[in-house]
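Below is one structure, written out as C-alpha cells; comments come after it.
The values are calculated or read from the model by the stated rules, or taken from the named source; none is laboratory data. Computed from a predicted model, the values in this text were never measured in an experiment. Every residue, glycine as well, gets a Cβ built from its backbone with ideal geometry; the counts of neighbours run over all protein chains shown.
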Amino acid sequence: MDRSRFSHDVTVEASHIDELGHVNNVVYLQFMEGVARAHASSVGMGLEVLSTLRCVPVARQSTIKYLKPTFLGDVLTIETRIFKVQGARAWRAYELRRGDELVASGETEWVWLDPVRQRPRAAAPEVLAAFGVPAS
C-alpha cells in the first residue's frame with residue numbers, strides 16, 4: 001500500500017455553490033486542505049499527534065487549475081499524494097475528479113512548523129515514516 005497517496009469522496013452541497021450556480025473557486029482549496037487532513041488522520045498523524053511531535057503542516061503556497069465546473073449533487077473524488085519532502089517543506093499534488101473526468105488539479109507547498117517555537121523545522125522522522133516518504 002502506498003501511504004503517500006490518499007483519496008476520498010465529497011458530495012457538492014448547497015453551501016459550496018456560488019452566484020454563478022457552480023462550486024466556488026475557494027471551495028476547491030477547502031477540499032484540498034480537507035483531503036490533506038484526512039490523509040494525515042488515516043496514517044495516524046492527526047493534528048493532536050502532529051502537535052505533540054511539534055511538527056504541524058502549514059500551507060505556504062497553493063495553486064489550482066480549474067478545468068471544468070462542478071455543480072450541486074456532484075460526487076467528487078479528491079486524490080492527494082506527497083511527491084516531495086525537503087527539510088522543513090513538503091509538496092502535495094491533488095486531482096479532483098467527477099467520475100473519470102478531471103475537473104481540477106493543484107499543488108500545495110506545506111511548511112512543517114514547531115507550534116511551540118513558531119518556527120519551521122524539518123519533518124519529524126515519525127511523520128515521514130507514517131506517510132511512507134523518505135527523508136531528504
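General remarks:
- Here Gly99 passes the criteria (1) touching a Ser or Thr at 6+ places or on another chain (Cβ under 9 Å); (2) at negative phi except the one numbered (2).
- Filter pass, Arg81 being basic (Lys, Arg), farther than 24 Å from Val103 by Cβ, surrounded by 13 or more Cβ atoms within 10 Å (Cβ to Cβ) and at pLDDT 95 or above: no
- Where Gly106 falls short, out of the listed (1) of a type in the set (Gly, Ala, Ser); (2) out of contact with any helix residue (DSSP H, G or I) (no Cβ under 8 Å at 6 or more places or on another chain); (3) crowded, with 17+ Cβ neighbours inside 10 Å; (4) within 14 Å of Ser62 (Cβ to Cβ): (2)
- Checklist (1) in contact with a His (Cβ under 9 Å, 6 or more places away or on another chain); (2) within 21 Å of Asp2 (Cβ to Cβ); (3) assigned to a loop (DSSP other than H, G, I, E, B) applied to Ile78, failing item: (3)
- Looking across the range 75-101, the residues that are farther than 16 Å from Gly132 by Cα and in contact (Cβ under 8 Å) with a residue 60 or more places away in the chain come down to Val75, Leu76, Thr77, Ile78, Glu79, Tyr94, Leu96.
- Val85 vs. criteria in a strand (DSSP E or B) and either of a type in the set (Phe, Trp, Tyr) or on the phi < 0 side of the Ramachandran plot (or both): yes
- Test for Met1: is it surrounded by 14 or more Cβ atoms within 10 Å (Cβ to Cβ) and not acidic (Asp, Glu): no
- Residue tally, condition farther than 18 Å from Ala90 by Cα, free of Cβ contacts under 8 Å to residues at least 60 places away in the same chain and assigned to a loop (DSSP other than H, G, I, E, B), over the range 2-60: 7
- Qualifying residue in the range 35-53 (condition: at pLDDT below 95, exposed (fewer than 11 other Cβ atoms within 10 Å of the Cβ) and not polar (S, T, N, Q)): no
- Among residues of the range 109-136 that are within 14 Å of Ala40 (Cα to Cα), those with a beta-carbon under 8 Å from a residue that is in a helix (DSSP H, G or I) and β-branched (Val, Ile, Thr) at least six positions away or on a different chain give the pairs Trp112/Val127.
- The residue of the range 57-76 that is nearest to Glu126 (Cα to Cα), among those that are within 16 Å of the chain's Cα centre (by Cα) and crowded, with 16+ Cβ neighbours inside 10 Å, is Pro57.
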